[in-house]
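Presented below is the structure to which this report refers.
The values are calculated or read from the model by the stated rules, or taken from the named source; none is laboratory data. All values derive from a computational prediction rather than experimental measurement. Here Cβ is always computed from backbone atoms with ideal geometry, including for glycine, and neighbour counts include all displayed protein chains. In case anyone asks, the SASA skips ligands and DNA or RNA and just uses the protein heavy atoms, side chains included. Shrake-Rupley method; radii C 1.70, N 1.55, O 1.52, S 1.80 Å.
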Amino acid sequence: NSNENAAANALQKSSSRKLTWIGLRYDQGDFRWGDGTEVSFTYWAKSQPQNSQRGYAALMRKKTGKWQTNAANSKRSFFCSIPVYNNVK
């Protein structure tokens, strides 16, 4: 969602990396998250996505937080999301 995208972009701005993998990849005719879930929010840069074919994934641009596609075998930094559970009783 837009809040998660803004938080990821804020983290990215504190790094020296201009492009960061966000876990979105092209598979089976559509973009899906790394865990296979469907995409409910997008923030593509102008003229994106390009190269919508198997083996491509999405990167976040540091300056704008917008997304672009690139070959998934490119070496880049990445974001990782971990669910947090509150089991306090």
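Residues being open to solvent by 70 Å² or more (accessible area, probe 1.4 Å) and assigned to a loop (DSSP other than H, G, I, E, B): count how many of those fall in the stretch 73-83.
Here the count works out to 7.
The number of residues in the stretch 46-63 that are within 19 Å of residue 11 (Cα to Cα) and without any contact (Cβ under 8 Å) to a residue 40 or more places away in the chain comes to 1.
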